[in-house]
Amino acid sequence: MPRLRRLRFLAVGSAIVGVAVLCALAAPLLAPGDPYRQAVGNRLLPPVWAAGGSWTHALGTDPLGRDTLSRIIYGARVSISAGALAVAFSMVLGVLMGLLAGFFRGTVDAVVSNFVDVMLAFPFLLLALAAVAALGPGFGNMIVVLGLTGWPIYTRVVRAETLKFREREFVLAARALGLGSARILRAHVLPNLVNTIIVMASLEVARMIILESFLSFLGLGIQPPTPSWGAMLGEGRVYMLTHWWLAAFPGAAIFVTTLGINLFGDGLRDVLDPHRVLMQPGTRAE
Amino acid sequence: MWTFVVHRLVRAVFVCLGISLITFTLLHVVGDPVLLLVPQSASDADVRLLKEKLGLDRPLWAQYAVFLRDAVRGDFGESLFTQESALVLILERMPATLELTFAGMAVGLLIAIPLGVVSAIRRGSLTDRLCTVGAVTGQAMPIFWLGIMLIIVFAVQLRVLPASGRGTLAHLVLPAITLGAYLAPLTMRLTRSGMLDVLTQDYIRTARAKGVGERVLLFKHALRNAAIPIVTILGVQFGRLLGGAVVTETVFAWPGVASLAVKAINTYDYPVVQGAVVLLAFLIVLANLLADIAVTWLDPRVRLDEDHA
């Protein structure tokens, strides 16, 4: 694909991600109202363009009379932070295992690689569901579960790349100079993998946000009354026969955000990683 | 060829063992089933009694050994609530899950493969660009939202299709589209890049140079070779598809294994959860194994390499 168009993707993606992050950081300034304030008199108001809608509640209100727009803006906090934290967790774990497996090979590699194979054969969602059910719902547990289930994808790529780099002259030279393994990995191998890892991680944020939303949608993630897109979609689903917008808007927020992140990640890949040595996307069970 | 198949089989058995171990660890070490089963007011003696009854007072390795022994015989225990065999409960729902999975796969492939091939042939054209934009958009779509939107439009507003349940062909339409839409974008992109790889090969150029017609070139020379990456993708995608089925079944109240598992997770019916997770994972392993074997059959290079290795 022409490079220019890729850059356009990157620009659009950055803009969307920028707005989402801004919503998360400055929610109290941007939100028109209090996302927690209930008002029984204002229950289930329609959005502004429908009959009975008003600008006071531009996207209407939920069954407890809370302002939908404000809840969506505040919901960015949960999605963005869950996505970022889950990715940070799984990335550190996955990269570490990949470096060790690729660099030391032998038994370490056999153990790690087989473990990765098992993890990748797992229906990821069921695994995450079972783990959340075992640990109990909540933000912290959800991050742990997403982190513990998301690492193998990094390990697989980092291991393959490390295997290549460990035979390169500059690594052999470093070893000949007497540098320890930890130093070689940190100073000579890892810096060469940073671009690959950044691109992978940025695309993983989108996947983690969708997973977080789904867990919250099922009631296994963020607990009420904290506004989260997934939980709002779950609540809205009950009313889909009569008040479709309750499910439509939070879902649209998830969709637009993940689209922005994917565009951003795809664009980033072109800028940072011209030879596209990346993994084939989606080569794992979800 | 046979060394290869045996090698893969051994590997598959190993992966299945690993899966059972992880599932068991999650449900028995991370979580404590008994504490969730008894009311908070239960005395320590009651808790102990229940543990003994369920065999949960024995050392973990012994519990795992029993679990493994029974699992090999197809015995995953009984549902803690209905006292029915977990395996029977799961198998009863397996046809629904398979029906949905294959329908979703059919929809996904019918969209993805023709579009992928066309965009590879007309690389850079408007069609190609539209397909790429469609694929990028589709990949970002949370399918539980897509499913709900489809219900709102086709079941609630237009009233042309049922919103949930299983029975007639009409019930299958919306879930199959939802699942197909989950599968299609990635498959399309992978088909496109697989096809592009083939189209830039020397033998295609040679064939074209000696005057082979475009149609023959495409169907006989290119597509046949592009089938290899596509089959590999299918095996790998089966896992994603089952994951998508978890979501789709929940949204459409489709009576399959995945919705059974989600229900069992909510009630902490661990024998059912255990059985469903393990059996679904086995299915994925089986699909990957079949794809591997199919690829060796399609591509003599793989089997020759393996035999010499």
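Based on what the data block shows, is A:Val108 within 26 Å of B:Ala12 (Cα to Cα), modelled with pLDDT of 90 or more and of a type in the set (A, V, I, L, M)? Spelling it out, A:Val108 is indeed within 26 Å of B:Ala12 (Cα to Cα), modelled with pLDDT of 90 or more and of a type in the set (A, V, I, L, M).
The residues on offer are B:Leu158, B:Leu150, B:Leu169, and the sole one that is exposed (fewer than 13 other Cβ atoms within 10 Å of the Cβ) and within 14 Å of chain A (Cβ to nearest Cβ) is B:Leu158.
The set of residues from the range B:115-141 being farther than 16 Å from B:Leu174 by Cβ, within 11 Å of chain A (Cβ to nearest Cβ) and not small (Gly, Ala, Ser) comprises B:Arg123, B:Asp128, B:Arg129, B:Thr132, B:Val133, B:Val136, B:Thr137, B:Gln139.
So for the range A:202-215 (the condition being among the small types (Gly, Ala, Ser), more than 24 Å from B:Ile151 (Cα to Cα), part of a helix (DSSP H, G or I) and more than 14 Å from chain B (Cβ to nearest Cβ)), does at least one residue qualify?
no
If you go through the range B:225-283 and pick out every residue that is β-branched (Val, Ile, Thr), without any contact (Cβ under 8 Å) to a residue 60 or more places away in the chain and closer than 30 Å to B:Trp297 by Cβ, you end up with 2.
Residues in the range A:238-249 that are touching a residue at least 12 places away in the same chain (Cβ under 8 Å) and facing chain B (nearest Cβ under 8 Å): 2 in all.
Of B:Arg224, B:Arg215, B:Arg192, B:Arg205, all but one fail to be buried (at least 18 other Cβ atoms within 10 Å of the Cβ), basic (Lys, Arg) and over 16 Å from the mean Cα position of the chain (by Cα); the exception is B:Arg192.
In summary, A:Leu59 fulfils each of the numbered conditions (1) in contact with a helix residue (DSSP H, G or I) (Cβ under 6 Å, 6 or more places away or on another chain); (2) in a helix (DSSP H, G or I) with the single exception of condition (2).
Of all the numbered requirements in (1) more than 14 Å from every other protein chain (Cβ to nearest Cβ); (2) modelled with pLDDT under 95, A:Val87 misses one, and that requirement is (2).
Looking across the range A:207-227, the residues that are farther than 19 Å from A:Gly150 by Cβ and either at pLDDT 85 or above or in contact with a Pro (Cβ under 8 Å, 6 or more places away or on another chain) (or both) come down to A:Gly219, A:Gln223, A:Pro225, A:Thr226, A:Pro227. Going through the range B:122-169 one residue at a time, which ones are in contact with an Asp or Glu (Cβ under 8 Å, 6 or more places away or on another chain) and in a helix (DSSP H, G or I)? The one that is in contact with an Asp or Glu (Cβ under 8 Å, 6 or more places away or on another chain) and in a helix (DSSP H, G or I): B:Val136. Among the residues making up the range A:120-161, a single one is away from chain B (no Cβ under 14 Å) and polar (S, T, N, Q): A:Thr155. Checked against (1) crowded, with 21+ Cβ neighbours inside 10 Å; (2) within 11 Å of chain A (Cβ to nearest Cβ), B:Trp254 meets all criteria but (2).
Against the list (1) at pLDDT 85 or above; (2) crowded, with 16+ Cβ neighbours inside 10 Å; (3) facing chain A (nearest Cβ under 10 Å), the condition B:Ala163 fails is (1). In the set (1) within 25 Å of B:Thr250 (Cβ to Cβ); (2) in contact (Cβ under 8 Å) with a residue 60 or more places away in the chain; (3) exposed (fewer than 14 other Cβ atoms within 10 Å of the Cβ), the condition left unmet by B:Thr3 is number (1). Can you name the residue in the range A:197-233 that is crowded, with 21+ Cβ neighbours inside 10 Å and among the polar types (S, T, N, Q) and, of all such residues, is nearest to A:Gly260 (Cα to Cα)? The qualifying residue nearest to A:Gly260 (Cα to Cα) is A:Ser202. Among the residues of the range B:134-163, those that are within 24 Å of A:Glu212 (Cα to Cα) and among the polar types (S, T, N, Q) comprise B:Thr137, B:Gln139.
The values are calculated or read from the model by the stated rules, or taken from the named source; none is laboratory data. All values reported here derive from a predicted model rather than from experimental measurement. Note: ideal-geometry Cβ built from the backbone for every residue, glycine included; neighbour counts use all protein chains shown.
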